[in-house]
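Engineer: This structure is in structure tokens; I'll ask about it shortly.
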Amino acid sequence: MTSETKIGVAPPAAAAGEWMRRIGRSAEAVVIPALAILASGILFSLFLLVLGKSPGEFFELLWRGGFGTSFSWQNTLVRSAPLIFTALCVAVPARLGMVIIGGEGAFVLGGFAAAAVAVPFVDWASPWVVMPLMIIAAVASGAIWIGFVGVLRHYRGVNETISSLLMYYIAVSIMNFFVEGALRDPTNPNKPSTKPIGDANMVGNIPGLDVHWGLIVGIVLAVALWLLMNRTKFGFAARITGGNVRAARAQGLPVGRLIVISCAIAGACAGLAGYFEVAAIQGRANASLAAGYGFTGILVAFLAKQNPLAIIPVSIFLGGIAAAGGLIQRRMGMPDATVQLLQGLMFVLLLVSDTLYGRFSFFGGKGGSR
Amino acid sequence: MNGESGLTIVLLAMFAGAIRVSTPFLFVSLGECLTEKSGRINLGLEGTLVFGAMAAYAISYESGSPWLGVLAAGCGGALFGAFHGYVCKLPKVNDIAIGIAMMLFGTGLAFFLGKPYIQPSAPHLPSLPLGWWSDSQAVRSALQINPLFFVGAVLAVLLWWAFRNTRYGLIVRMTGDSAPAALAMGYSVNWVRFIATTIGGFSAGVGGAFLSLYYPGAWSEGLSSGQGLMAVALVIFARWNPLTCFAAALLFGAAGALGPALQSVGITQGYYFFNAAPYVLTLFIMIASSSPKRSLKGAPAELSITK
């Protein structure tokens with residue numbers, strides 16, 4: 001447990017040591033979350049044993065329902081698409097040191113805005129008009145929603161974690177107000193919804209797959225945002241702001257603009273996820289939009305260490321767990337909150353595992369600060 | 001005449017509603033106030049509240065005694081708080097992030113374990129009929145007040161008094177304002193915060209028991225919608241003063257009671273907007289009471305949320 005590389009070593013060795021430490025740190029960022037997931041699996045197994053259920057059966061069903069067959073893979077990918085977007089909604093502001101947990105609000109509002117804009121055009125306008133309108137409405141409402149959180153944060157010093165979650169409840173109220181009132185579809189008495197957006201305006205599937213285009217868009221967006229945050233001046237400035245606001249101000253960086261723009265980008269991502277949920281899956285807006293994708297996205301972003309590229313595989317992993325939920329529920333007679341509980345357990349253990357960073361000498365010793 | 005009696009009904013319903021709705025706010029915010037005074041923030045109280053509600057309902061149903069349910073909710077909440085308090089003392093662990101995780105974990109666990117208790121009806125907490133002197137049915141029903149409300153009120157005064165006048169209150173405040181000072185005086189900062197978070201969790205759990213055992217009075221998955229989180233915001237608004245917490249809880253209760261009160265006289269239009277009233281109010285209060293430049297007056301200096 002001692003630090004191996006010290007200042008004053010010969011230059012080539014120091015360079016090699018620097019590389020070793022870099023690799024070590026990257027390995028650390030993979031191994032420690034993996035350990036946390038393993039630990040949550042073990043704890044959850046113990047919990048199942050206490051309840052008299054078989055952990056073996058649970059994990060077998062989890063595998064089969066999430067990744068075992070081509071059908072379950074497609075189900076998994078459909079569920080991971082919104083998670084990529086909602087995790088980006090957490091990861092982008094996180095680079096500026098903000099913890100935004102209200103992505104679900106932008107998701108719901110984006111989906112609702114997309115449906116609300118489409119409904120008056122359904123019968124007569126071409127999809128070439130309606131689809132861009134829907135996308136603009138969803139992206140704009142999401143961007144405004146979370147952008148406002150950024151504005152409050154910067155100009156009023158309001159804590160963004162609390163305000164974003166409050167705005168989630170407000171977003172759901174806004175949607176319910178319209179869906180049960182002015183925009184309610186009178187022909188659908190069972191569940192208050194808007195009118196359908198029409199088959200012509202729906203987003204289709206990726207050729208050869210039963211997965212909609214949202215997955216591709218999500219992956220492209222994740223890569224683009226990784227480039228933005230890691231390879232551009234904007235991203236560099238954002239990371240400086242996240243590291244030390246005072247230093248950023250002293251450098252003359254436009255801290256307020258960085259915060260608001262990052263939040264707006266984040267909200268736009270979540271709003272776009274809402275658009276795909278309406279335009280590729282539901283076909284209309286109703287209360288089932290608030291299915292918790294925004295909240296699972298928080299876990300995805302933390303598991304991915306707020307790295308947009310890592311978000312892609314982690315979304316598929318958690319999408320698989322969510323996809324297996326139904327099978328587990330039916331076969332083992334477990335409540336529908338099982339997946340939520342497992343996710344919560346993972347989240348807690350993941351954060352507890354943060355304490356392990358820098359404690360293992362084979363990852364580059366105690367010298368490497370995160 | 002008709003309009004006037006309508007107004008009276010709305011006002012009475014809001015008064016009664018304010019007392020009913022404010023009680024969980026009161027318990028959660030007092031717990032959070034104690035935790036934050038010690039210099040740590042527990043955002044997970046929403047999860048604690050939901051878990052407390054489930055535990056209270058389940059125990060009350062199984063044992064037949066609602067007060068045993070309240071105790072169980074408190075103990076469950078204390079366990080959550082103790083976990084939070086223990087984990088946050090580890091290096092590099094972020095108390096805000098752990099709070100978010102505990103919020104999701106607490107609700108997940110409550111939904112999982114509470115599934116069998118959604119249907120059956122458990123014995124409720126009794127209320128005190130303080131309206132015996134009145135002939136009016138409306139006044140009588142408005143003055144049916146749950147004893148937990150008075151417990152909460154006494155607790156608020158007690159906490160306020162203890163912060164100012166007792167040795168323990170001083171230790172908690174010192175830990176919250178300057179950990180090095182507490183350390184220099186020979187107190188373990190982590191131990192003080194652990195105790196404060198545990199007691200805070202107990203209080204939040206009791207608040208949850210009120211939700212499921214009195215008002216709305218049944219366990220369901222939509223029972224709490226952000227009350228725990230609003231209570232955290234309320235503590236900031238109340239400037240970490242237990243007495244102000246009490247007043248703020250009443251105000252929030254009145255805002256929350258507005259929708260149902262209007263509905264009771266037949267105004268159902270815009271019900272969802274009135275439903276949003278407490279959240280909008282919380283947001284406005286946060287906007288009005290925060291400042292980007294200086295740290296808030298009365299804020300514990302060690303608190304990460306105000307830095």
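The values are calculated or read from the model by the stated rules, or taken from the named source; none is laboratory data. Because the structure is a prediction, the values reported are computed rather than measured. Reconstructed Cβ throughout: ideal geometry from the backbone, glycine too, with neighbour counts over all protein chains shown.
Engineer: In the stretch B:216-268, which residues are without any contact (Cβ under 8 Å) to a residue 40 or more places away in the chain, outside any helix (DSSP H, G or I) and of a type outside the set (S, T, N, Q)?
Structural biologist: Residues satisfying the conditions are B:Pro216, B:Gly222, B:Gly266, B:Ile267.
Engineer: Here's another thing I want to ask about it. In this structure, does A:Phe295 turn out to be touching a strand residue (DSSP E or B) at 6+ places or on another chain (Cβ under 8 Å), assigned to a helix (DSSP H, G or I) and assigned by TED's automatic domain parsing to the domain that holds A:Phe148? Steps first, please.
Structural biologist: Values: touching a strand residue (DSSP E or B) at 6+ places or on another chain (Cβ under 8 Å): no; assigned to a helix (DSSP H, G or I): yes; assigned by TED's automatic domain parsing to the domain that holds A:Phe148: yes.
Spelling it out, it is not the case that A:Phe295 is touching a strand residue (DSSP E or B) at 6+ places or on another chain (Cβ under 8 Å), assigned to a helix (DSSP H, G or I) and assigned by TED's automatic domain parsing to the domain that holds A:Phe148.
Engineer: When you scan the stretch B:69-85, do you find a residue that is over 20 Å from the mean Cα position of the chain (by Cα), within 11 Å of chain A (Cβ to nearest Cβ) and over 20 Å from A:Leu165 (Cα atoms), even just one? Break it down into steps so the answer makes sense when it comes.
Structural biologist: Start the filter on the stretch B:69-85 by keeping residues that are over 20 Å from the mean Cα position of the chain (by Cα), which leaves none.
Scanning the stretch B:69-85 turns up no residue that is over 20 Å from the mean Cα position of the chain (by Cα), within 11 Å of chain A (Cβ to nearest Cβ) and over 20 Å from A:Leu165 (Cα atoms).
Engineer: Provide a single number: the residues in the stretch A:245-264 that are surrounded by fewer than 24 Cβ atoms within 10 Å (Cβ to Cβ) and either part of a loop (DSSP other than H, G, I, E, B) or β-branched (Val, Ile, Thr) (or both).
Structural biologist: 8
Engineer: Output the residues belonging to the stretch B:217-236 that are at the interface with another protein chain (Cβ under 10 Å from one of its Cβ atoms) and of a type in the set (A, V, I, L, M, F, W, C).
Structural biologist: Here is the first cut: in the stretch B:217-236, the residues at the interface with another protein chain (Cβ under 10 Å from one of its Cβ atoms) are B:221, B:225-226, B:229-230, B:232-233, B:236.
Residues satisfying the conditions are B:Leu229, B:Met230, B:Val232, B:Ala233, B:Ile236.
Engineer: Please find, among A:Val129, A:Val203, the residue that is more than 10 Å from every other protein chain (Cβ to nearest Cβ), farther than 19 Å from B:Val280 by Cβ, without any contact (Cβ under 8 Å) to a residue 24 or more places away in the chain and of a type in the set (Val, Ile, Thr). Please lay out each step first, then the result.
Structural biologist: Working: A:Val203 fails: without any contact (Cβ under 8 Å) to a residue 24 or more places away in the chain.
None of the others qualify; the one that does is A:Val129.
Engineer: Looking only at helices (runs of 4 or more DSSP H) that lie completely in the stretch B:87-182, which have at least 1 residues being within 14 Å of chain A (Cβ to nearest Cβ) and either closer than 30 Å to B:Ser225 by Cβ or at pLDDT 95 or above (or both)?
Structural biologist: Numbers: elements: B:95-114, B:137-142, B:147-165, B:167-177.
Counting at least 1 such residues, we get B:95-114.
Engineer: Would you mind finding the one in A:Leu258, A:Leu345 that is within 14 Å of chain B (Cβ to nearest Cβ) and out of contact with any Asp or Glu (no Cβ under 9 Å at 6 or more places or on another chain)?
Structural biologist: Working: A:Leu258 fails: within 14 Å of chain B (Cβ to nearest Cβ).
Criteria check complete, one pass: A:Leu345.
Engineer: Something else now. Please go through (1) within 19 Å of B:Thr175 (Cβ to Cβ); (2) within 14 Å of the chain's Cα centre (by Cα) for B:Thr48 and return the number of the only condition it doesn't satisfy.
Structural biologist: Only one criterion is unmet by B:Thr48, namely (1).
Engineer: Quick check on this structure: which one of A:Ile240, A:Ile261, A:Ile219 is more than 15 Å from the chain's Cα centre (by Cα) and at pLDDT 95 or above?
Structural biologist: Working: A:Ile240 fails: at pLDDT 95 or above; A:Ile219 fails: more than 15 Å from the chain's Cα centre (by Cα).
None of the others qualify; the one that does is A:Ile261.
Engineer: Can I ask one more? Starting from residues that are facing chain B (nearest Cβ under 7 Å) and of a type in the set (Gly, Ala, Ser), keep the ones in the stretch A:146-195 and report whichever is surrounded by the most Cβ atoms within 10 Å (Cβ to Cβ).
Structural biologist: Ranking the candidates gives A:Ser163 first.
Engineer: Just to verify a result, which residue in the stretch B:279-300, among those that are modelled with pLDDT under 85 and more than 7 Å from every other protein chain (Cβ to nearest Cβ), is surrounded by the fewest Cβ atoms within 10 Å (Cβ to Cβ)?
Structural biologist: Step by step, filter the stretch B:279-300, then rank; the result is B:Lys293.
Engineer: Scan the stretch A:229-244 for residues that are in a helix (DSSP H, G or I) and either touching a residue at least 24 places away in the same chain (Cβ under 8 Å) or more than 19 Å from A:Gly150 (Cα to Cα) (or both) and jot them down.
Structural biologist: Step one: list which residues in the stretch A:229-244 are in a helix (DSSP H, G or I), which gives A:229-231, A:233-243.
Answer for the stretch A:229-244, where residues must be in a helix (DSSP H, G or I) and either touching a residue at least 24 places away in the same chain (Cβ under 8 Å) or more than 19 Å from A:Gly150 (Cα to Cα) (or both): A:Met229, A:Asn230, A:Arg231, A:Lys233, A:Phe234, A:Gly235, A:Ala238, A:Arg239, A:Thr241, A:Gly242, A:Gly243.
Residue by residue, here is whether (1) outside the structural domain of A:Tyr169 (by TED's automatic domain parsing); (2) more than 15 Å from B:Phe105 (Cα to Cα); (3) modelled with pLDDT under 95 holds:
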residue: A:Gly283; (1), (2), (3): no, yes, yes
residue: A:Ala290; (1), (2), (3): no, yes, yes
residue: A:Pro308; (1), (2), (3): no, yes, no
residue: A:Gln343; (1), (2), (3): yes, no, yes
residue: A:Val352; (1), (2), (3): yes, no, yes
residue: A:Tyr357; (1), (2), (3): yes, yes, yes
